[in-house]
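Here the structure is laid out as structure tokens; the discussion comes afterwards.
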Amino acid sequence: MKSNPKLILFHSTLNKQSLTFNAVHHHRLWLLFSLSSTLIIFLIFMTPTTTTISSSAATSTSMPLPNHIFNALIHYSSTNTTTTSRMTFPELNSISSILHHCKQPCNFLVFGLTHETLLWNSLNHNGRTVFIGESSYFVSKLEEKHPEIEAYDVEFTTKASELQELLEYSKKQRSNECKPVQNLLFSDCKLAINDLPNHLYDVAWDLILVDGPSGYFPAAPGRMAAIYTASVLARSKRGGVKQTHVFVHDIDRDVERICSDEFLCRENLVERNDLLGHFVVNTMEAVEKTSEFCSNYVDSSSSLSTLKSL
């Protein structure tokens with residue numbers, strides 16, 4: 001049988017596909033290189049700008065509140081002070097002037113939720129302001145409306161009508177549970193507020209304002225515990241400046257006046273504006289082992305007989 005000859009043809013399609021693939025691959029590499037180069041150039045030129053913007057933002061955040069805004073807040077807060085519960089301009093100015101010159105960041109502890117709560121939080125720009133209230137309901141409502149505010153509630157166990165009894169007790173325990181220098185977190189003194197969040201006892205407070213809890217009727221908690229606690233915090237603090245500015249509002253009332261004399265001391269009273277007393281209390285070293293709050297002790301027992309309003 002005769003076999004037919006076979007012709008084998010080599011088609012050029014494979015070669016064309018190879019050339020097309022190489023061209024496409026080369027084009028993609030060139031595109032990737034161009035994008036990478038553009039990105040690198042962009043980052044080189046934009047990095048200094050971003051750093052500058054971040055630096056400027058950080059600087060503006062740490063800057064103190066401008067004077068005109070500071071003064072405007074005080075002005076509008078002191079207008080229409082028709083109720084006795086609101087502070088007068090001299091009272092507001094006394095506290096705000098210390099806040100304005102406080103070394104940043106300033107630590108401000110406030111006993112009481114009042115008309116001035118938002119003002120104190122705003123004036124202490126870049127600082128830390130903590131509010132202590134007697135009502136968990138009002139504290140939760142405040143935090144709900146103003147989540148930027150730090151506030152805690154405390155259940156006060158004292159009564160304004162117990163002033164004489166509590167003062168006599170504190171004198172007997174002056175060298176034991178009710179010492180002027182101690183860690184309040186572990187204190188068993190009846191006048192000590194020891195149920196705040198633990199970290200608050202480690203803060204070196206620059207200012208403390210006692211404008212709460214309520215104390216205008218016999219069954220009210222009264223401010224004995226707040227004044228005593230403020231006094232111990234000021235004397236026991238570690239770090240920061242050696243002085244603490246303590247303000248007591250409604251100092252014309254018996255509880256506030258007598259407890260201020262007993263624990264903050266007349267010798268530390270530097271100013272009084274309307275119903276606001278301004279005390280400057282120095283820190284005390286625990287090694288001094290003194291059981292007295294005041295150098296020039298004033299016996300408050302004679303003042304107790306004047307508590308007819310209770």
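Residues are listed down the side, and each one gets a yes or a no for (1) over 22 Å from VAL255 (Cβ atoms); (2) in contact with a Phe, Trp or Tyr (Cβ under 9 Å, 6 or more places away or on another chain):
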residue: ASN93; (1), (2): yes, no
residue: LEU99; (1), (2): yes, yes
residue: GLY112; (1), (2): no, yes
residue: HIS125; (1), (2): yes, yes
residue: ARG128; (1), (2): yes, yes
residue: GLU134; (1), (2): no, yes
residue: VAL139; (1), (2): yes, yes
residue: LEU142; (1), (2): yes, yes
residue: ALA160; (1), (2): no, yes
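Among the candidates ALA226, ALA220, which residue alone is farther than 20 Å from ASP188 by Cα, open to solvent by less than 20 Å² (accessible area, probe 1.4 Å) and hydrophobic (A, V, I, L, M, F, W, C)?
Result: ALA220 is the single residue among ALA226, ALA220 that is farther than 20 Å from ASP188 by Cα, open to solvent by less than 20 Å² (accessible area, probe 1.4 Å) and hydrophobic (A, V, I, L, M, F, W, C).
Here is a yes/no grid of residues against (1) at pLDDT 95 or above; (2) under 19 Å from the mean Cα position of the chain (by Cα); (3) farther than 21 Å from ARG253 by Cα; (4) outside any loop (DSSP other than H, G, I, E, B):
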{"position": "LEU191", "(1), (2), (3), (4)": "yes, no, no, no"}
{"position": "LEU196", "(1), (2), (3), (4)": "yes, yes, yes, no"}
{"position": "TYR201", "(1), (2), (3), (4)": "yes, yes, yes, yes"}
{"position": "TRP205", "(1), (2), (3), (4)": "yes, yes, yes, no"}
{"position": "LEU209", "(1), (2), (3), (4)": "yes, yes, no, yes"}
{"position": "GLY212", "(1), (2), (3), (4)": "yes, yes, no, no"}
{"position": "GLY215", "(1), (2), (3), (4)": "no, no, no, no"}
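Identify the residue in the stretch 86-125 that is polar (S, T, N, Q) and more than 17 Å from ARG272 (Cα to Cα) and, among all such residues, is most open to solvent (accessible area, probe 1.4 Å).
Here the answer is GLN104.
Which numbered condition in (1) of a type in the set (D, E, K, R); (2) farther than 24 Å from LEU200 by Cβ; (3) open to solvent by 60 Å² or more (accessible area, probe 1.4 Å); (4) in contact (Cβ under 8 Å) with a residue 12 or more places away in the chain is the only one that ARG174 fails?
It fails just one condition, (3).
List the helices (runs of 4 or more DSSP H) inside the stretch 110-187, counting only whole elements, that have at least 2 residues being among the basic types (Lys, Arg).
136-145, 163-172
Got a number for residues in the stretch 231-257 being open to solvent by 20 Å² or more (accessible area, probe 1.4 Å) and among the β-branched types (Val, Ile, Thr)?
1
Which condition breaks for LYS159 when tested against (1) buried (at least 18 other Cβ atoms within 10 Å of the Cβ); (2) more than 15 Å from ILE227 (Cα to Cα)?
Here LYS159 clears every test but (2).
I want to confirm something. Restricting to the stretch 126-151 and keeping residues that are within 10 Å of the chain's Cα centre (by Cα) and of a type outside the set (Gly, Ala, Ser), which single residue is surrounded by the most Cβ atoms within 10 Å (Cβ to Cβ)?
Among those residues, the one meeting the criterion is PHE131.
Quick check, is GLN104 part of a helix (DSSP H, G or I) and either touching a residue at least 60 places away in the same chain (Cβ under 8 Å) or within 17 Å of the chain's Cα centre (by Cα) (or both)?
So GLN104 fails the test.
The values are calculated or read from the model by the stated rules, or taken from the named source; none is laboratory data. All values reported here derive from a predicted model rather than from experimental measurement. Note that each Cβ is placed from the backbone with ideal geometry, even for glycine, and that neighbours are counted across all protein chains shown. All accessible areas refer to the heavy atoms of the entire protein, side chains included, with ligands and DNA or RNA removed. Shrake-Rupley method; radii C 1.70, N 1.55, O 1.52, S 1.80 Å.
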